[in-house]
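Okay, so here's the structure we're looking at.
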Amino acid sequence: MNLYIKQHIFTWGDQFSIYDEAGNEKYIVEGEILTFGKKLHLYDLKRRELAYIEQQLFTFLPKYVIYRDGMQMAEVVKEFTFFKQEYSVNGPGWYVHGDFFDHDYEVLDGDRVIASVSKEWFTLGDAYEISFGANVDEIAALSVVLVIDACIDAQRN
């Protein structure tokens, strides 16, 4: 299954819509404004929170915690490397590898692909395609992709 993330332009704070393959809105992502560190909420269309992402401050390398139903589900940490970017996802034991500046990367569990992300070019605002592997927890994988996007955005700014 594929999902498509489309960032809303001309909005205050982070706002994303996530669409299915048929172009129907499936999820909404909203960021909190005027907070220390990035905080994102992933909602379904009935505004029920599916995941909450919070940046951990005062860490040497970027670190984000993903919560589901009030419980910590995963922690995404940027690894210390000199020439490339790598991220590990503590909890499910995944790692993220690829070309982050071009938004072309994979979330992996060993050799198994959890999700592949590629940037859609020539669109107004950022747009990405996410392809999920078979039997993948879509919310967990989507949350990790949102964290990587937040890290890339922080590096650009």
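In the structure shown, the pairs Lys46/Lys78; Lys78/Lys119; Lys26/Lys78; Lys6/Lys38 are assessed against 25 Å; a Cα-Cα span above that value is assigned to Lys46/Lys78; Lys26/Lys78.
Helical runs (DSSP H, four residues minimum) scored at -39500 (n - 2.57) apiece and divided by the length of the chain put the mean residue ellipticity at 222 nm at -4000 deg cm²/dmol.
Roughly speaking, what is the centre-to-centre gap between segment 1-71 and segment 83-117 when only Cα atoms are used, to the nearest Å? Each part reduced to its Cα centre gives a spacing of 18 Å. Here the peptides 99-110, 38-49 are ranked by packing, the mean other Cβ count within 10 Å, and the order with the highest first is 99-110, 38-49.
Each label point was placed 7 Å from the Cα along the Cα-to-Cβ direction; for Asp111 and Glu49 their separation is 4.0 nm.
Between Asp20 and Glu75, the modelled labels are 3.6 nm apart [label points 7 Å from Cα along Cα→Cβ]. Rounded, prolate or oblate: pick one for segment 2-156, where a ≥ b ≥ c are the square roots of the eigenvalues of its C-alpha gyration tensor, a/c under 1.5 means rounded, and failing that, prolate if a/b is larger than b/c, else oblate. Since a/c stays below 1.5, the shape of segment 2-156 is classed as rounded.
Using alpha-carbon pairs under 8 Å, 6+ residues apart, how would you state the relative contact order of segment 2-156 in percent? Averaging sequence separation for qualifying contacts and normalising by length gives 16 percent for segment 2-156.
The magnitude of the dipole of the chain, with charges of +1 and -1 set on the Cβ of Lys/Arg and Asp/Glu and taken from the Cα centre, is near 400 debye. In segment 1-62, Cα pairs under 8 Å separated by at least six residues give a relative contact order of 21 percent.
No value in this document is a laboratory result; all are computed from the given coordinates. As the structure is a computational prediction, the values presented were derived from the model and not from experiment. Don't worry about glycine lacking a Cβ; one is built from the backbone with ideal geometry, like all the others, and counts go over all protein chains shown.
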